[in-house]
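Following: one structure in structure tokens, then a few remarks.
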Amino acid sequence: MKYAGEKVEGPNIEMVFIPRQDRDLVFKCRAVLDADYELFDKLCPEPEPPMVTRPGNITTPNFNDKEFIKATSTWAENRTNFMIIISLSETEELEWESVDVNVAETWKLYREELQGAGFTGPEIGRLLGGVTTACGLNDAKVDEARERFLASQLVEPLNG
């Protein structure tokens, strides 16, 4: 695909810099593509609501079922954790000790591992912000891009 005559290749990458006294840590946060979610869908299929039979022998899904609501919440949390792990996997230097992309139960351990490495809440927030921005979910960044585009469309009035 081309945009403005130039070939567009690869997903968006947002760089996150965490300064430390002995070295600067550089993380690459990559946009998570639809194809990346194939593994997630295999490991964590979306929950299905139980079916209930209503009067008149009508069968409908029960979206208010407590177990279904709990399963859906867990599924959504797993999906978010998976997105974070996949996005940060672009950072070649990053090696998780307790997180395994093939084991859903370990995905939530990314935060614990970062905290154990001495990352502060704001530093973790900066990393998550990078993931959010790379995945195109950062409204502020979208607004900035919109403003840049609109500013580029302004035509200066002719001096008369």
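The values are calculated or read from the model by the stated rules, or taken from the named source; none is laboratory data. Owing to the predicted nature of the structure, the values given are computational and were not obtained by experimental measurement. Neighbour counts are summed over all protein chains in view; Cβ atoms, including those assigned to glycine, are modelled from backbone coordinates with ideal geometry.
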- Is it fair to say Glu93 is within 30 Å of Gly10 (Cα to Cα) and not polar (S, T, N, Q)? yes
- Asp65 being more than 22 Å from Pro11 (Cβ to Cβ) and at pLDDT below 95: yes
- Message: Being without any contact (Cβ under 8 Å) to a residue 24 or more places away in the chain, surrounded by 15 or more Cβ atoms within 10 Å (Cβ to Cβ) and in a loop (DSSP other than H, G, I, E, B) is the filter here; which residues of the stretch 21-61 pass it?
- Response: Pro49
- Query: Filtering the stretch 65-91 down to residues that are free of Cβ contacts under 8 Å to residues at least 40 places away in the same chain and of a type in the set (Asp, Glu), which residue is farthest from Lys28 (Cα to Cα)?
  - Reply: Asp65
- Note on the structure: Scanning the stretch 62-79 for residues that are part of a helix (DSSP H, G or I) and among the hydrophobic types (A, V, I, L, M, F, W, C), the one farthest from the chain's Cα centre (by Cα) turns out to be Phe68
- Residue, nearest to Met15 (Cα to Cα), within the stretch 115-130, restricted to residues that are of a type in the set (A, V, I, L, M) and crowded, with 17+ Cβ neighbours inside 10 Å: Leu127
- Across the stretch 9-25, the tally of residues that are farther than 17 Å from Gly125 by Cβ and either modelled with pLDDT of 95 or more or over 17 Å from the mean Cα position of the chain (by Cα) (or both) stands at 5
- Task: Identify all residues within the stretch 104-135 that are touching a residue at least 60 places away in the same chain (Cβ under 8 Å), under 25 Å from Pro47 (Cα atoms) and outside any helix (DSSP H, G or I); write none if there are none.
- Result: Cys135
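Evaluate the following for Ser98: is it surrounded by 11 or more Cβ atoms within 10 Å (Cβ to Cβ) and more than 30 Å from Val142 (Cα to Cα)?
Yes, satisfied.
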- Can you name the number of the only condition in (1) small (Gly, Ala, Ser); (2) under 26 Å from Leu128 (Cα atoms); (3) out of contact with any Gly (no Cβ under 7 Å at 6 or more places or on another chain) that Ala31 fails? (3)
- Note on the structure: Taking the stretch 91-116 and keeping residues within 18 Å of the chain's Cα centre (by Cα) and among the hydroxyl-bearing types (Ser, Thr, Tyr) leaves Thr91, Thr106, Tyr110
